[in-house]
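Everything below concerns the one structure shown next.
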Amino acid sequence: MMNNDEKYNAWQKKFEILQEKETITPDTEKFISDLLAEFSAVQAQNQRLKKQILQKATGGSNMSTKLRDALYE
């Protein structure tokens with residue numbers, strides 16, 4: 001199963017291939033580019049929120065390594 005970073009990288013690579021082959025219209029190219037940018041922004045926000053939730057739930061950075069690893073997956 002791919003994590004979100006791997007998905008993003010795979011989608012980005014496929015998008016670049018489509019651009020090189022010139023098989024998509026400029027409107028479609030802009031749409032895909034916007035989607036990839038939004039996905040990246042949402043992922044970054046998601047990671048920040050997970051970190052904040054973990055800190056609140058544990059009262060700081062006293063959480064166990066296993067718990068932290070499980071929540072970040």
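The values are calculated or read from the model by the stated rules, or taken from the named source; none is laboratory data. It should be emphasised that the depicted structure is a prediction, and the values quoted were computed from it without experimental measurement. Calculation scope for accessible area: heavy atoms of the full protein, side chains included, ligands and nucleic acids excluded. Shrake-Rupley method; radii C 1.70, N 1.55, O 1.52, S 1.80 Å.
Rolling a 1.4 Å probe over the protein heavy atoms gives the chain an accessible area of 84 Å² per residue. Converting phi to 3J(HN,Hα) with the Karplus coefficients 6.51, -1.76 and 1.60 and the offset θ = phi - 60°, segment 5-10 yields 5, 5, 4, 4, 4, 5 Hz in sequence order, with x at every glycine or proline. Taking 1.567 mPa s as the viscosity and 4 °C as the temperature, the Stokes-Einstein diffusion coefficient of the chain based on its alpha-carbon Kirkwood radius rounds to 89 µm²/s. In order along segment 45-58, the phi-based Karplus estimate (6.51 cos²θ - 1.76 cosθ + 1.60, θ = phi - 60°) of 3J(HN,Hα) comes to 5, 4, 5, 5, 5, 4, 4, 5, 4, 4, 5, 5, 5, 9 Hz; Gly and Pro are listed as x. Over 23 Å apart at the Cα level, from the set 14/50; 7/30; 7/50, are 14/50. Share of carbon and sulfur in the accessible area of the chain stands at 54%, probe radius 1.4 Å. Full extension of the chain between residue 43 and residue 7 yields a length gain of 11.8 nm, computed as 0.36 nm times the residue separation minus the alpha carbon distance. Based on DSSP H segments of at least four residues, each scored -39500 (n - 2.57), the chain has a per-residue ellipticity at 222 nm of -28000 deg cm²/dmol.
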